[in-house]
Amino acid sequence: MVSPPRTAAIVLAAGSGSRTGAMRPKQYRPLAGRPVAAHSILALRGHPAVDIVLLVVAPGMADEARAMLGDEAADVLIVEGGASRRQSVANALEALASAETPPARVLIHDSARPVLPAGVIDRLLSALATGAAGAMPVLPVADTLVRAEGDEAGAVIDRAVLRRVQTPQAFDFEVVLAAHRGWSGELEPTDDAQMVRATGSAVRLVEGDTRLDKITWPGDHERMERELMAIMTARTGLGFDVHRLVAGAPLWLCGVEIPHSHGLSGHSDADVAIHALVDAILGALAEGDIGSHFPPSDPQWRGARSGQFLAFAAERVRARGGIIDHVDVTIICEAPKIGPHRDAMRSALARIMDIPESRVSVKATTTERLGLTGRGEGIAAQTLASLRLPEEPAFPAP
């Protein structure tokens, strides 16, 4: 059996992203729960035909980029780019060329196109499989086009022969490497297909996708955020926990130490509100409960601050490409009074989950002196977490 050609993918994220008007480079701004560049990385890493992914970052940005992308870049090779797009691609190609086994094919993609359908990758690689030196996704032009003559309309341009060019573009590795090494054009090329065509090699056109729109101008990011959010699925999780009160122990609730004669008993710091909230978030993710991730039988969690459990749960949401929309915490006790500490509690929970404080509700109630909380024997908490996750297929892939 003949092994399939080894395929590499290059994701370009070395630009300043200044045209969007944002303070942070657009490739690292959060988009539907994860950095813009992470969307492309995950799409390429998850494609069965892609063997290795390279991320090209600005010079000196390698450590910062890896920190911002976190687990999304765990298996990604990071290469520093150059002063131009052409030089950034060249650096990545040379890194691949120096590998023990260089790839046979390479995909080159702009990270500012975060929505990358697998079908586009399939069509590009199919074109290479039929012998094309390169392939690029394109879309027809729908609007009437005219030449601008100052502030007046000039001649109409025949849109029937025009196409909008997208990325990723796919190439035979040796062909595109030679095109970069031999480039001598006076003007900087706007894409790699231009350089390959300059060598005399043909580049095949394949059907693109409207979802591959590029984040370029002010407002593009917000528009794409709305579009992605519209196809996310709402999830809700419910959490409940109760801990016994004991004399002399510190009392932690919602990440805040509360002055009181009694504290809660538990293996960790026994923050009953956070424990219930962790269960709510994990429940919305269908990923078990707090005990399955942090078993009380494990001595490493003895006396641990519960905030780290909540940070873990929030990170699990981000790892799935999701967003915490809102959490609601109800503390059930006769004493202490929760009202004076409510603002500090909301602030602490928001900080731990890295979400706006406006998405956090904390309130309290009593059981009218009924039951263990009414008798002052313990404190209970009930929580609700509302999330949004990327839509999953109705049936698992075969």
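The values are calculated or read from the model by the stated rules, or taken from the named source; none is laboratory data. Not measured: the values here are computed from a predicted model. Note that we place each Cβ from the backbone using ideal geometry, even for glycine, and neighbour counts take in every protein chain shown. Ligands, DNA and RNA are excluded from the accessible area calculation, which covers all protein heavy atoms including side chains. Shrake-Rupley method; radii C 1.70, N 1.55, O 1.52, S 1.80 Å.
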For this session: Might you let me know whether region 229-239 holds any residue that is more than 30 Å from ALA129 (Cβ to Cβ), touching a residue at least 12 places away in the same chain (Cβ under 8 Å) and in a helix (DSSP H, G or I)?
Result: yes
Exercise. Yes or no: GLY263 over 27 Å from THR365 (Cβ atoms), crowded, with 19+ Cβ neighbours inside 10 Å and in contact with a Pro (Cβ under 8 Å, 6 or more places away or on another chain)?
Worked result: no
Seminar exercise, completed: Among ALA249, ALA270, the single one that is surrounded by 15 or more Cβ atoms within 10 Å (Cβ to Cβ), assigned to a loop (DSSP other than H, G, I, E, B), out of contact with any helix residue (DSSP H, G or I) (no Cβ under 9 Å at 6 or more places or on another chain) and free of Cβ contacts under 8 Å to residues at least 24 places away in the same chain is ALA249
Exercise. Of all the residues that make up region 293-319, how many are modelled with pLDDT of 90 or more and part of a helix (DSSP H, G or I)?
Worked result: 9
Problem set entry | Unmet requirement for ARG147, which otherwise passes all of (1) in contact with a Gly (Cβ under 6 Å, 6 or more places away or on another chain); (2) buried (at least 23 other Cβ atoms within 10 Å of the Cβ) | (2)
Problem set entry | Sole exception among (1) open to solvent by 60 Å² or more (accessible area, probe 1.4 Å); (2) in contact with an Asp or Glu (Cβ under 6 Å, 6 or more places away or on another chain); (3) over 16 Å from GLY239 (Cβ atoms); (4) without any contact (Cβ under 8 Å) to a residue 12 or more places away in the chain for ARG305, by number | (4)
For this session: Kindly indicate the residue of region 351-379 that is in a strand (DSSP E or B) and hydroxyl-bearing (Ser, Thr, Tyr) and also most open to solvent (accessible area, probe 1.4 Å) among those meeting that condition.
Result: THR365
For this session: Search region 228-245 for residues being open to solvent by 50 Å² or more (accessible area, probe 1.4 Å) and not hydroxyl-bearing (Ser, Thr, Tyr), and hand back the single one that is farthest from ALA32 (Cα to Cα).
Result: ARG244
Problem set entry | Count - residues of region 29-61 that are open to solvent by less than 30 Å² (accessible area, probe 1.4 Å), farther than 26 Å from MET232 by Cα and out of contact with any helix residue (DSSP H, G or I) (no Cβ under 7 Å at 6 or more places or on another chain) | 1
Exercise. On the given criteria, is PRO168 open to solvent by 80 Å² or more (accessible area, probe 1.4 Å), touching a helix residue (DSSP H, G or I) at 6+ places or on another chain (Cβ under 8 Å) and closer than 28 Å to GLN27 by Cβ?
Worked result: no
Exercise. Can you tell me which residues in region 191-227 are surrounded by fewer than 20 Cβ atoms within 10 Å (Cβ to Cβ), part of a helix (DSSP H, G or I) and under 20 Å from the mean Cα position of the chain (by Cα)?
Worked result: ARG211, ASP220, GLU222, ARG223, GLU225, ARG226, GLU227
For this session: Considering every residue within region 385-395, establish whether at least one is open to solvent by 50 Å² or more (accessible area, probe 1.4 Å) and modelled with pLDDT of 95 or more.
Result: no
Exercise. From the residues in region 86-122 that are open to solvent by 20 Å² or more (accessible area, probe 1.4 Å) and in contact with a Pro (Cβ under 7 Å, 6 or more places away or on another chain), which one is farthest from LEU212 (Cα to Cα)?
Worked result: ALA104
Exercise. Taking the condition loosely packed, with under 12 Cβ neighbours inside 10 Å and under 20 Å from ARG105 (Cα atoms), does GLY131 pass?
Worked result: yes
